[in-house]
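Everything below concerns the one structure shown next.
The values are calculated or read from the model by the stated rules, or taken from the named source; none is laboratory data. Predicted model, so just to flag it, every value in this text is computed and none were measured. Reconstructed Cβ throughout: ideal geometry from the backbone, glycine too, with neighbour counts over all protein chains shown. Side chains included, ligands, DNA and RNA excluded: accessible areas come from the protein's heavy atoms. Shrake-Rupley method; radii C 1.70, N 1.55, O 1.52, S 1.80 Å.
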Amino acid sequence: MDTLLGDEPVLTQEERLYQKLLAGDPHEAAERAEECLGERALSDFYDEVAIPALALAERDRVRGTLDDERRALVAESAMTLVDDLSEHEDAARLESVRDHDVF
């Protein structure tokens, strides 16, 4: 009842992202990612949301609930998401740092 009446999301951010990747909807996943990026850096999004979402896919694969076709769909959607986010402000800043060999 608390879930129905509460204001907390039913799924975590990584679960919502996995759901979008599983549905083969990388553009909707990118929109969800952009919402997350209002709260955190791109690298934090990958560490805290995207990688755990892919870990959920791997867990389902190991359990036998994610067949090869769906796994390929998740992988393709994830690659599209990464490509979509490559133009994000943080990504451009990181690329600039790499180009100038600051380290």
(request) State all residues of region 1-26 that are at pLDDT below 85 and of a type in the set (S, T, N, Q); if no residue qualifies, say none. (result) THR3
(message) Anything in region 67-81 that is open to solvent by 80 Å² or more (accessible area, probe 1.4 Å) and of a type in the set (A, V, I, L, M)? List them, or say none.
(response) MET79
(request) Tell me, please, whether a residue that is more than 17 Å from ARG16 (Cβ to Cβ), at pLDDT below 95 and acidic (Asp, Glu) can be found in region 77-84. (result) yes
(request) Only residues that are among the aliphatic types (A, V, I, L, M), more than 13 Å from the chain's Cα centre (by Cα) and surrounded by fewer than 14 Cβ atoms within 10 Å (Cβ to Cβ): list them for region 24-66, please. (result) VAL62
(message) Just the residues that are under 15 Å from THR12 (Cα atoms) and in contact with an Asp or Glu (Cβ under 8 Å, 6 or more places away or on another chain), please, taken from region 56-89.
(response) LEU56
(request) May I ask you to list pairs of residues, at least six apart or on different chains, whose Cβ atoms are under 8 Å apart, with the first in region 33-50 being touching a residue at least 12 places away in the same chain (Cβ under 8 Å) and the second being among the basic types (Lys, Arg)? (result) GLU48/ARG40
(message) Need pairs with beta-carbon distance below 7 Å; first residue under 15 Å from VAL49 (Cα atoms) and within region 1-26, second among the basic types (Lys, Arg) and at pLDDT below 90; sequence gap 6+ or separate chains.
(response) ARG16/ARG32; LEU17/ARG32; LYS20/ARG32
(request) Would you be able to tell me the number of residues in region 63-76 that are within 13 Å of ALA23 (Cα to Cα) and among the acidic types (Asp, Glu)? (result) 2
